[in-house]
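Report on one structure; see the data block that follows.
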Ligand SMILES: Nc1ncnc2c1ncn2[C@@H]1O[C@H](COP(=O)(O)OP(=O)(O)OP(=O)(O)O)[C@@H](O)[C@H]1O
Ligand SMILES: [Mg+2]
């Protein structure tokens, strides 16, 4: 305790108020540095725009129907890829987790493939599903699938076997076992998998949109960038971070015990 | 309700264990957990199976519950040989087995939910049995908020709610302290007398067995055989007060004689296994 305290060279208690104060202080510090750099003129043109310019762009974005339309496209693509990835991922995870033989055969494959960059498959997806939302959804689903399948399989293995014996002793059928015992017992690992899957799905969808598309937030970012509208670019990035973080926090809230 | 109308001996037994054998492993590593065991349980009777740790009690429990289908001999309910969980048998497990994501009442209503009983009836019936095990004020609590003994009572209520013809319990109070165990024993006796519940209790606790049973099946240690079957002729209705009586002490001493032999064989066995392991380094 004392050692940890001296390591971080602080004896300030981690009360919620102090934590909030620290966060605010760091945020204010970063904003000040940013504004300082912006005014120093050290950078070419508008690479580091002033805070005011970013706030103005942010305001403009929020009342721009184009932004909302693109946001909608990205959200729909992400949700669709998450739904597909989660559906297949949970099913595959349950099968892998339930069957020792299949697990031995395929789990290493899923495991070692999971951190590979899916974006290299983008050209293939475009050939299969076209330049529209289809190819982004397919790619997003693929990336969400891995995270969800792996954590479902792990969740399956940590179920207390006694609960399964209870279900069997009351003669639950396959569906009752799945929906009344396995799934609730795996709620936390599955939701954690969905959270991870959601993160990679958003990243993959945005990445796909920046590469080749004609709508979505990724596409919009590239457009703003080509126009070299730096305040607009930063404003857009801030919104993307806030949205992704918010959705993540929401799922995290449900994943808590 | 009344025990005067206790079923005559001539009546069909509710459960027959007939020459049951169960071996685990193969080759030279075979362990015979249950070895040619035979006994029966009559309608409305409370029978305990007692034996030292590792003698094969849980194995027998799982066979009767239909969770271990691969065995020799026959466990019969009526004419039916058990090879899968039977609707007439309700099991209470040795381990803690409540569903942590369900409240007490939803835990207890679980078997009714599986049967598709409508919600309001389900809740009424669950409520009745929660009351019976004395947890009425904890209906909406989650298992994590309960003590070990309370969780076991939830498990017992959950099994009772399905109204099994035969209640099968594997050391339900093993993890509890002596006082709680005696009081829960009272509860079980009371429930059994109220429902005229046919019960088979697996235990390694002698006091508990004598306190609750009409008959006790004493098992040997490895291979698990029937050593002796003792009739307990203590008056009913009983309470834990019976524990102080002379007759009670007499039964305990008598059965302990048999049990001590087996228990010390079990001890010697595990000690020699330990020293073998130690010798291996
Ligand atoms: N699945 C299994 N595979 C191999 N051996 C087993 C298995 N289950 C039980 N055994 C063996 O069978 C014997 C009896 O075990 P069992 O669990 O029935 O004992 P028990 O009487 O219930 O003991 P306790 O009172 O400690 O619960 C033990 O020697 C155990 O090692
Ligand atoms: Mg046991």
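Can you say what percent of the DSSP beta bridges in chain B, counting only those with both residues inside, are antiparallel? Round to 5.
50
Would you mind getting the Kirkwood hydrodynamic radius of the protein assembly as shown from its Cα pairs, rounded to one decimal in Å?
Taking every pair of different Cα atoms in the protein assembly as shown, averaging 1/r and inverting gives 28.6 Å.
Is the C-alpha gyration tensor of region A:21-169 telling us rounded, prolate or oblate? Criteria: a/c under 1.5 is rounded; beyond that, a/b larger than b/c is prolate, otherwise oblate.
It comes out prolate by the Cα gyration axes.
Could you work out the relative contact order of region B:168-208, using alpha carbon pairs under 8 angstrom and six or more residues apart, expressed as a whole percent?
In percent, rounded to a whole number, it is 65.
Over all alpha-carbon pairs in region A:59-255, figure out the percentage whose distance exceeds 24 Å.
Looking at region A:59-255, the distances longer than 24 Å represent 47 percent of pairs.
Treating each Cα of chain B as an identical point scatterer and ignoring solvent, apply the Debye formula and state log10 I(q)/I(0) at q = 0.09, 0.12 Å⁻¹.
Values returned for q = 0.09, 0.12 Å⁻¹ are -0.44, -0.79.
To the nearest 0.05, how large is the calculated FRET efficiency for residue B:120 and residue A:174 if R₀ is 35 Å and r is the Cβ-Cβ distance?
0.80
If each of residue B:163 and residue B:84 carries a label point 7 Å out from its Cα toward its Cβ, how far apart are those two points in nm?
So the label points at residue B:163 and residue B:84 sit 2.4 nm apart.
PRE reach from residue B:174 (point 7 Å along Cα→Cβ): which of region B:129-162 fall under 18 Å by backbone N?
B:148-156
Considering only DSSP beta bridges where both residues belong to the protein assembly as shown, give the percentage that are antiparallel (nearest 5).
50
Using only alpha carbon pairs under 8 Å that are at least six residues apart, calculate the relative contact order of chain B and give it in whole percent.
Result for chain B is 24 percent.
Mind checking A:154-166 for the average number of partner chain beta-carbons within 10 Å of each residue's beta-carbon?
Shielding by partners across A:154-166 averages 3.
Put a dot 7 Å past each Cα toward the Cβ at residue B:190 and residue A:18; how far apart are the dots in nm?
Reported label-point gap for residue A:18 and residue B:190 is 5.2 nm.
Pairing the Cα long axis of helix A:16-40 with the longest principal axis of chain A, what angle in degrees results, from 0 to 90 and rounded to the nearest 10?
40
What is the gain in length, in nm to one decimal, between residue A:28 and residue A:64 on full extension, counting 0.36 nm per residue of separation less the C-alpha to C-alpha distance?
Going from the current span to full extension adds 10.1 nm.
Run the simple label-point estimate for residue B:207 and residue B:96 please: 7 Å along Cα→C-beta, distance reported in nm.
2.3
Taking the alpha-carbon centroid of each part, what is the distance from region A:9-37 to region B:63-96 in angstrom?
64
Measure nothing but the geometry: give the 0 to 90° angle between the long axis through the Cα atoms of B:178-195 and the longest principal axis through the Cα atoms of chain B, rounded to 10°.
Between helix and principal axis, roughly 60 degrees.
Three principal axis extents, largest first, for the C-alpha atoms of region B:56-208, in Å?
Between the extreme Cα coordinates on each principal axis of region B:56-208 lie 45, 39, 29 Å.
What ranking do A:107-118, B:148-159 get when scored by the average of other Cβ atoms within 10 Å per residue, highest first?
Averaged packing, sorted descending, gives the order B:148-159, A:107-118.
For region B:163-281, what is the per residue volume of the convex hull drawn over the alpha-carbon atoms, in cubic angstrom?
It comes to 134 Å³ per residue, whole-number rounded.
Sorting check: for B:190-197, A:222-229, B:104-111, B:116-123, which peptide has the highest mean count of neighbouring beta carbons within 10 Å, and how do the rest follow?
B:104-111, B:190-197, A:222-229, B:116-123
Answer rounded, prolate or oblate for region B:95-163, using the Cα gyration tensor with square roots of eigenvalues a ≥ b ≥ c: rounded when a/c is under 1.5, else prolate when a/b is larger than b/c, else oblate.
prolate
Take the alpha carbon gyration tensor of region B:147-218, find the square roots of its eigenvalues, order them as a ≥ b ≥ c, and report rounded if a/c is under 1.5; if not, report prolate when a/b exceeds b/c, else oblate.
Verdict is oblate for region B:147-218.
Where does the protein assembly as shown land at 222 nm, in deg cm²/dmol rounded to the nearest 500, when only DSSP H runs of n ≥ 4 count, each adding -39500 (n - 2.57), divided by all residues?
Rounded to the nearest 500, the figure is -18500 deg cm²/dmol.
Readers should treat all values here as calculations from the given coordinates under stated rules, not as data from a laboratory. For clarity, every value in this text was computed on a predicted model and none was experimentally measured. Heads up, the Cβs are rebuilt from the backbone with ideal geometry, glycines too, and the neighbour counts pull from every protein chain shown.
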